[in-house]
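Q: One structure coming up, written as structure tokens, with questions to follow.
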Amino acid sequence: NAGVTQTPKFQVLKTGQSMTLQCAQDMNHNSMYWYRQDPGMGLRLIYYSASEGTTDKGEVPNGYNVSRLNKREFSLRLESAAPSQTSVYFCASSETAPYSNQPQHFGDGTRLSIL
Amino acid sequence: DQQVKQNSPSLSVQEGRISILNCDYTNSMFDYFLWYKKYPAEGPTFLISISSIKDKNEDGRFTVFLNKSAKHLSLHIVPSQPGDSAVYFCAASYGGGSNYKLTFGKGTLLTVNP
């Protein structure tokens, strides 16, 4: 019963390096989301996707790109990593289109450190 | 600006007693409120939600109360169990599709002592 799977679980990058965080869900959910959580902070929405081929910006999209490869997979790319992007990144999915009453199912996160 | 506030970073209660976690919001456009629970090194797990047109929603040991006029909601856990020890996030949302907004509070660490 995998749910939402994120890879890798941990990563250390140098400033300026690029990286793609992978996320896959096996619940046949339509919508997928990327969040970041900084120490002592709540989760902040980076990007989300209501369906394959569509993406929308969340609260903190700068410095990131996303790809909804198919219904199962939603990747987050850092083109030129900066120390301010050191964070824990969570991927989530919800059954239908993004809507206020939709609970989300989260992966266990990717802990990313940028030196 | 912090539109969803959880002013208590931590709360400690005895097993069997009631836990009350509080959340305040400032944006009147929020029409749905959700609580998530998070254990260390895991992702958040959805717990319970409430629509802005209701003032109470109950699910087993968990009850959420909404006071819309005060822009305040609370999560009650009765009775509290050691396995409830986790960080609890309040979240508020409105809109949908490309106009979707979801905002989380900073969380409250609940510790239930045996």
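Q: Can you name every residue in the range B:42-57 that is out of contact with any strand residue (DSSP E or B) (no Cβ under 7 Å at 6 or more places or on another chain) and closer than 14 Å to B:Ser93 by Cα?
A: B:Ile53
Q: Moving on to the next point. Applying the selection to the range B:32-60, what residues are outside any strand (DSSP E or B) and surrounded by 15 or more Cβ atoms within 10 Å (Cβ to Cβ)?
A: The answer is B:Gly43, B:Pro44, B:Ser52.
Q: Among what's in the range A:88-104 and is more than 7 Å from every other protein chain (Cβ to nearest Cβ) and surrounded by fewer than 22 Cβ atoms within 10 Å (Cβ to Cβ), pick the residue that is modelled with the highest pLDDT.
A: The qualifying residue modelled with the highest pLDDT is A:Val88.
Q: Out of the residues in the range B:102-114 meeting the condition of being more than 8 Å from every other protein chain (Cβ to nearest Cβ) and not hydrophobic (A, V, I, L, M, F, W, C), tell me which one is farthest from B:Glu15 (Cα to Cα). Step through it out loud before you land on a result.
A: Step one: filter the range B:102-114 for residues more than 8 Å from every other protein chain (Cβ to nearest Cβ), giving B:108-114.
Narrowing the set further to residues that are not hydrophobic (A, V, I, L, M, F, W, C) leaves B:108, B:111, B:113-114.
Values: B:Thr108: 17, B:Thr111: 9, B:Asn113: 6, B:Pro114: 5 Å.
Per the stated criteria, the residue is B:Thr108.
Q: Could you list all residues from the range B:39-86 that are in contact with a Leu (Cβ under 9 Å, 6 or more places away or on another chain) and of a type in the set (Asp, Glu)?
A: Of everything in the range B:39-86, those that are in contact with a Leu (Cβ under 9 Å, 6 or more places away or on another chain) and of a type in the set (Asp, Glu) turn out to be B:Asp55, B:Asp59, B:Asp84.
Q: Quick check, is B:Tyr94 crowded, with 17+ Cβ neighbours inside 10 Å, over 15 Å from the mean Cα position of the chain (by Cα), in contact (Cβ under 8 Å) with a residue 24 or more places away in the chain and under 21 Å from A:Ser94 (Cβ atoms)?
A: Yes; evaluated as a whole, the condition is true for this residue.
Q: Still on this structure, I have one more. Pairs please, first residue from the range A:40-55 and more than 15 Å from A:Leu21 (Cβ to Cβ), second anywhere and among the basic types (Lys, Arg) and not in a loop (DSSP other than H, G, I, E, B), Cβ atoms under 6 Å, 6+ apart in sequence or on different chains.
A: Partner pairs satisfying both residue conditions: A:Arg44/A:Arg36; A:Glu52/A:Arg68.
Q: Follow-up. For residues that are under 10 Å from the mean Cα position of the chain (by Cα) and either assigned to a loop (DSSP other than H, G, I, E, B) or not basic (Lys, Arg) (or both), tally how many sit in the range A:68-87.
A: 3
Q: Take the conditions within 26 Å of A:Asp108 (Cα to Cα), within 14 Å of another protein chain (Cβ to nearest Cβ) and not aliphatic (A, V, I, L, M) and apply them to B:Asn22. Does it pass?
A: Judged against the criteria, B:Asn22 is not a match.
Q: Quick test for you: out of A:Ser75, A:Ser80, A:Ser113, A:Ser31, pick the one residue that is touching a residue at least 24 places away in the same chain (Cβ under 8 Å) and within 14 Å of chain B (Cβ to nearest Cβ). Working first, answer last.
A: Working: A:Ser75 fails: within 14 Å of chain B (Cβ to nearest Cβ); A:Ser80 fails: within 14 Å of chain B (Cβ to nearest Cβ); A:Ser113 fails: within 14 Å of chain B (Cβ to nearest Cβ).
Every option except A:Ser31 fails the conditions.
Q: While we're here: Please determine, by comparing only the residues of the range A:33-67 that are buried (at least 21 other Cβ atoms within 10 Å of the Cβ), within 25 Å of B:Pro40 (Cα to Cα) and aliphatic (A, V, I, L, M), which one is farthest from the chain's Cα centre (by Cα).
A: Looking at residues that are buried (at least 21 other Cβ atoms within 10 Å of the Cβ), within 25 Å of B:Pro40 (Cα to Cα) and aliphatic (A, V, I, L, M), I get A:Leu43.
Q: Additional query: Can you confirm whether A:Ala92 is touching a residue at least 24 places away in the same chain (Cβ under 8 Å), assigned to a loop (DSSP other than H, G, I, E, B), closer than 26 Å to B:Phe33 by Cα and not acidic (Asp, Glu)?
A: no
The values are calculated or read from the model by the stated rules, or taken from the named source; none is laboratory data. Just so it is clear, the model here is predicted, and its values are computed rather than measured. Note: ideal-geometry Cβ built from the backbone for every residue, glycine included; neighbour counts use all protein chains shown.
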